[in-house]
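Working notes for the structure below.
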Amino acid sequence: MKRPAAIHRWWLPVLALCVGAAMSAQAHVASNSFLTMRIESASVEGSVELAVRDAEIAVGLDSNHDGQVSWGEVRAAQAALLVYLRQHLQLAGADGGCALRFGELQINARVDGNYLWQAFTAQCPSPLEQLSIDYRLLDAEDPSHRGLLTLIARGSTQSAVLGGAKQNQRFDLGHPSPWNAFAEYFEVGVWHIWSGIDHLLFLLSLLLPAVLVRRTQRWQAVPRAAPAIINILKVVTAFTLAHSITLSLAAFDIIRLPSRLTESVIAASIIVGALNNVFPLVTEARWRIAFAFGLLHGFGFAAVLSDMGLPRGARLISLVAFNLGVEAGQLAVVLAIMPVVYALRASRLYQRALMPWGSTAIASLALVWFVQRAIG
Amino acid sequence: MRELRHAVAEWLLAMTMGGALCAPLIAKPYIPADDAQILAQLPAGARHADVTARRMAVDRLDVTVLLAQFYIEQARASGDLRYLGYAEAVLAPWVAKPTPVPAALVLQATVQQSRHEFAAALATLDRSLVARPNDAQAWLTRATVLRVLGRYREANSACAQFALRADAFLSMICQQSIEGLAGHLASAYGTLAAAPTEGLLNPERAWRESELGEMAVRLGRDAEAESCFKRAIVLNARDFYVRAAYADLLLRQLRYREVLALLDGQQSIEPLLLRLAIAQKQLNDPNFAHSRELLQAAFAAEAQRGEAVHRREEARFLLEVEDRPRDALAVAIANWAVQREPDDALVLVAAAYAAGDPKAADPALEFARAQGLRDVRLDGAAAARS
């Protein structure tokens with residue numbers, strides 16, 4: 001939660017009430033920290049929660065010695081806290097230590113009191129098949145302190161207790177069997193096409209006219225399904241073929257493009273595709289646009305993969321799985337939208353409104369992206 | 001009239017918005033808006049400066065002993081388990097020395113006993129007693145641990161060893177309290193009650209009263225027990241064992257409001273919070289939900305740590321608060337494998353009957369028969385079965 005904006009006066013007592021509820025009557029549990037780590041290939045997204053009382057023991061927060069810790073005192077001690085965390089919490093994969101980057105420090109109110117909640121990202125040298133965690137928080141100050149860990153990797157969750165006699169523990173994240181890798185990367189592919197709306201909009205802008213033909217400067221409905229289906233197949237196949245080529249080239253590090261360039265050109269491709277529906281230049285062979293720009297979209301997909309990394313020993317299969325995932329996601333959208341578009345094709349609504357104005361809307365949105373990506 | 005309507009509407013809106021605002025505030029991490037917001041109160045001895053100071057005293061045994069005693073006392077009085085960790089930290093270098101340091105070892109054993117690590121506590125005491133057989137405190141701690149484990153014969157001989165080296169009156173409490181568990185309840189109660197108490201210090205009186213109170217409970221003399229508990233609390237207000245025993249007596253007599261009064265402000269001590277929650281549940285008290293949530297979180301963390309400090313309480317929590325008798329029975333069985341006080345027997349028997357598995361109560365009932373452990377509460381539970 002971010003800072004609440006303006007707080008009206010009548011909220012104040014209620015707010016005070018619930019802060020009070022979170023502060024009062026705290027059952028004494030042993031000293032525990034709570035850690036969550038989510039493994040994504042070579043990186044670990046996580047958080048560590050340390051009780052304010054334990055952080056006081058570890059680094060000293062109460063700078064004015066009034067026996068209580070304020071948020072201001074915590075903020076002032078954040079640098080010391082991060083140094084302490086770096087010294088007492090280390091992650092490593094098989095190929096060496098992972099670099100920790102800390103996010104914003106926040107507060108979490110647990111039933112037994114307030115905890116400092118520190119998000120972190122750890123970048124490891126290679127995709128993780130095992131993770132070593134060296135946990136020494138409070139080891140000198142309170143030997144009964146433990147870290148309660150929730151570790152999420154490859155869709156399964158394990159929990160463990162860190163610290164005490166077992167300062168260094170190694171967790172097997174499950175060997176990425178070809179099937180595991182396939183399933184994981186397929187899912188990422190599907191997810192990416194659904195969340196990466198720019199690829200879909202590009203495809204859509206090329207498919208909207210697939211149920212129409214251009215005759216004497218006007219759109220007309222195709223008489224039968226066959227030409228529409230052929231149009232769709234041509235566009236989808238060309239797009240798929242093109243982005244598969246560049247995705248593979250990029251994934252195996254044969255060609256690399258700066259991501260700012262590819263992202264901007266992807267936005268531009270949407271503008272071109274959509275404007276072509278409003279001011280038609282290419283009416284018969286839209287698959288050529290699909291192919292040409294598809295090459296660039298492939299570099300966009302590759303950026304996702306390079307963030308994740310490909311698991312050793314299963315590089316090819318993961319790449320294929322990711323690509324198939326993208327195709328499956330794309331196909332699902334095409335199958336959902338195109339029958340509707342086909343049914344509407346002869347209506348004035350579609351020909352005069354949805355097609356031109358929908359395309360214009362897509363083009364405007366893409367223009368905004370283009371400006372953001374090219375300048376931002 | 002319009003103003004009233006307006007006020008009611010505003011109030012309703014405030015409650016709704018407040019609810020919506022509270023939920024994320026308690027559940028999710030947030031960035032406080034105000035630097036002055038207080039996040040925690042620091043109790044005595046729990047500041048960074050204290051830790052730094054105690055590092056400087058690391059090679060002074062006398063300071064170490066004082067610090068460890070202070071932390072153990074704080075843990076006893078507040079129920080705060082962190083203090084046991086601090087005590088362990090100051091003792092660690094002394095415990096690790098190849099030649100035993102009895103003064104440190106006895107305190108270490110006390111820490112282990114407080115954590116219900118009974119086998120480890122006995123091993124530590126053995127090490128200490130080999131080095132210094134004349135250590136009265138070590139014998140008394142040994143008797144206490146063996147008593148909790150239900151090993152009354154050994155506990156009795158530890159008391160005898162204690163008696164050789166300590167004050168006669170304390171030795172008598174030690175011995176009679178174990179006699180009272182092992183087949184001689186009425187006579188032990190009579191002996192302890194009749195013993196003259198002139199010249200006793202308050203802690204000694206408090207100990208006597210609490211032992212007498214527990215015996216009276218097992219004898220079924222609740223009125224006498226109540227006056228013993230009351231006197232013990234006056235003598236030592238910070239003893240939460242007595243308070244818990246008194247609360248149990250009140251709960252048995254359905255005097256829930258008095259439980260709330262007795263335990264007001266003691267929520268930080270888990271065993272007391274449990275009794276409070278049981279009473280709050282019966283009274284439909286608005287604070288019940290919060291107490292329950294606190295207990296759930298505490299037991300969940302303990303379970304993940306794989307520790308058994310509060311298993312007896314957890315079994316009672318599942319049985320009397322959560323109405324999950326089968327789960328309660330599983331915890332009560334695990335608890336009985338570790339510790340065998342009358343209360344442990346009682347929760348096992350109660351959970352077994354509630355879960356419809358009376359055979360599961362047999363280990364406790366057989367133990368009571370074999371040892372001569374008499375407790376009207378156990379008789380009551382057993383009678384309820386037949």
When the stretch A:35-86 is checked residue by residue, the ones that are over 29 Å from the mean Cα position of the chain (by Cα), open to solvent by 30 Å² or more (accessible area, probe 1.4 Å) and without any contact (Cβ under 8 Å) to a residue 12 or more places away in the chain are A:Asn64, A:His65, A:Asp66, A:Gln68
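Could you please find all residues in the stretch A:264-288 being open to solvent by 50 Å² or more (accessible area, probe 1.4 Å) and modelled with pLDDT of 80 or more? First the steps, then the outcome.
The first filter runs over the stretch A:264-288 and keeps only residues open to solvent by 50 Å² or more (accessible area, probe 1.4 Å), leaving A:272, A:275, A:279, A:281-282, A:284, A:287-288.
Answer for the stretch A:264-288, where residues must be open to solvent by 50 Å² or more (accessible area, probe 1.4 Å) and modelled with pLDDT of 80 or more: A:Val272, A:Leu275, A:Phe279, A:Trp287, A:Arg288.
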Here the residues within the stretch B:129-141 that are among the β-branched types (Val, Ile, Thr) and either closer than 22 Å to B:Ser177 by Cβ or not in a helix (DSSP H, G or I) (or both) are B:Thr141
Elements of type helices (runs of 4 or more DSSP H) contained in the stretch B:33-128, each with 3 or more residues being open to solvent by less than 20 Å² (accessible area, probe 1.4 Å) and modelled with pLDDT of 90 or more: B:61-78, B:82-95, B:102-114
Considering B:Phe299, B:Phe317, which residue is crowded, with 17+ Cβ neighbours inside 10 Å, without any contact (Cβ under 8 Å) to a residue 40 or more places away in the chain and of a type in the set (Phe, Trp, Tyr)? B:Phe299
Can you spot a residue in the stretch B:325-343 that is crowded, with 19+ Cβ neighbours inside 10 Å and within 14 Å of another protein chain (Cβ to nearest Cβ)? no
Exactly one of A:Leu335, A:Leu261, A:Leu319 is under 29 Å from A:Pro127 (Cβ atoms) and open to solvent by 30 Å² or more (accessible area, probe 1.4 Å), and that one is A:Leu261
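Restricting attention to the stretch B:327-342, does a residue exist that is in a helix (DSSP H, G or I), in contact (Cβ under 8 Å) with a residue 60 or more places away in the chain and not charged (D, E, K, R)?
yes
For the stretch A:87-105, give me each residue that is at the interface with chain B (Cβ under 10 Å from one of its Cβ atoms) and open to solvent by 30 Å² or more (accessible area, probe 1.4 Å).
Passing the criteria: only A:Glu104.
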Inspect all residues belonging to the stretch A:187-206 and state whether any of them is open to solvent by less than 70 Å² (accessible area, probe 1.4 Å), acidic (Asp, Glu) and in contact with a helix residue (DSSP H, G or I) (Cβ under 6 Å, 6 or more places away or on another chain). yes
In the stretch A:74-94, which residues are among the polar types (S, T, N, Q) and in contact with a strand residue (DSSP E or B) (Cβ under 7 Å, 6 or more places away or on another chain)? A:Gln78, A:Gln90
Qualifying position, being acidic (Asp, Glu) and at pLDDT below 95, among A:Glu73, A:Glu45: A:Glu45
From the list B:Leu122, B:Leu42, B:Leu84, B:Leu61, exactly one residue is touching a residue at least 24 places away in the same chain (Cβ under 8 Å) and either in contact with a Lys or Arg (Cβ under 6 Å, 6 or more places away or on another chain) or within 11 Å of chain A (Cβ to nearest Cβ) (or both). Which is it? B:Leu84
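Every residue, every condition in (1) touching an Asp or Glu at 6+ places or on another chain (Cβ under 7 Å); (2) in a helix (DSSP H, G or I); (3) open to solvent by 10 Å² or more (accessible area, probe 1.4 Å), yes or no:
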residue: B:Phe169; (1), (2), (3): yes, yes, yes
residue: B:Cys174; (1), (2), (3): no, yes, no
residue: B:Pro203; (1), (2), (3): no, yes, yes
residue: B:Glu209; (1), (2), (3): no, yes, yes
residue: B:Met215; (1), (2), (3): no, yes, no
residue: B:Glu226; (1), (2), (3): no, yes, yes
residue: B:Ala245; (1), (2), (3): yes, yes, yes
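Can you find a residue in the stretch B:258-268 that is open to solvent by less than 10 Å² (accessible area, probe 1.4 Å), at pLDDT 90 or above and not in a loop (DSSP other than H, G, I, E, B)?
Residues of the stretch B:258-268 open to solvent by less than 10 Å² (accessible area, probe 1.4 Å): B:259, B:263.
Filter once more, keeping what is at pLDDT 90 or above: B:259, B:263.
If we keep only those that are not in a loop (DSSP other than H, G, I, E, B) too, we end up with B:259, B:263.
For the stretch B:258-268, residues open to solvent by less than 10 Å² (accessible area, probe 1.4 Å), at pLDDT 90 or above and not in a loop (DSSP other than H, G, I, E, B): present.
Does B:Val101 fit the bill of being more than 11 Å from chain A (Cβ to nearest Cβ), β-branched (Val, Ile, Thr) and farther than 18 Å from B:Val145 by Cβ?
For B:Val101, the condition - more than 11 Å from chain A (Cβ to nearest Cβ), β-branched (Val, Ile, Thr) and farther than 18 Å from B:Val145 by Cβ - is met.
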Is it true that B:Leu254 is in a loop (DSSP other than H, G, I, E, B) and at pLDDT 95 or above? yes
Selection within the stretch B:356-386 - open to solvent by less than 30 Å² (accessible area, probe 1.4 Å) and under 24 Å from the mean Cα position of the chain (by Cα): B:Ala361, B:Ala364, B:Leu365, B:Phe367, B:Ala368, B:Leu373, B:Asp375, B:Leu378, B:Ala381
Looking only at the stretch B:264-312, which residues are away from chain A (no Cβ under 11 Å) and in contact with a helix residue (DSSP H, G or I) (Cβ under 8 Å, 6 or more places away or on another chain)? B:Arg275, B:Ile278, B:Ala279, B:Gln280, B:Lys281, B:Gln282, B:Leu283, B:Asp285, B:Phe288, B:Ala308, B:Arg311, B:Arg312
Filter the stretch A:125-140 for residues that are assigned to a loop (DSSP other than H, G, I, E, B), out of contact with any His (no Cβ under 6 Å at 6 or more places or on another chain) and open to solvent by less than 10 Å² (accessible area, probe 1.4 Å) and give the result. A:Leu128
Touching a Gly at 6+ places or on another chain (Cβ under 7 Å), in contact (Cβ under 8 Å) with a residue 40 or more places away in the chain, in a helix (DSSP H, G or I) and open to solvent by 40 Å² or more (accessible area, probe 1.4 Å): is that true of A:Leu295 in this structure? no
If the Cβ limit is 7 Å and pairs must be 6+ apart or interchain, which residue in the stretch A:131-144 that is at the interface with chain B (Cβ under 9 Å from one of its Cβ atoms) and over 26 Å from A:Gly93 (Cα atoms) pairs with which residue that is surrounded by 23 or more Cβ atoms within 10 Å (Cβ to Cβ) and among the β-branched types (Val, Ile, Thr)? A:Glu141/A:Ile57; A:Asp142/A:Ile57
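Kindly indicate whether any position in the stretch B:314-326 is at pLDDT below 95 and among the acidic types (Asp, Glu). Spell out how you get there, then give the answer.
Within the stretch B:314-326, the subset at pLDDT below 95 is none.
Within the stretch B:314-326, none of the residues are at pLDDT below 95 and among the acidic types (Asp, Glu).
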Quick one: A:Ala361 ticks every box in (1) under 29 Å from A:Ala251 (Cα atoms); (2) open to solvent by 20 Å² or more (accessible area, probe 1.4 Å) bar one, so which box is it? (1)
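The values are calculated or read from the model by the stated rules, or taken from the named source; none is laboratory data. Just so we're clear, the structure is a prediction, and the values are computed from it rather than from any experiment. Glycine gets a Cβ as well: all are built from the backbone with ideal geometry, and neighbour counts include every protein chain shown. Accessible surface is based on the protein model in full, side chains and every heavy atom, while ligands, DNA and RNA are left aside. Shrake-Rupley method; radii C 1.70, N 1.55, O 1.52, S 1.80 Å.
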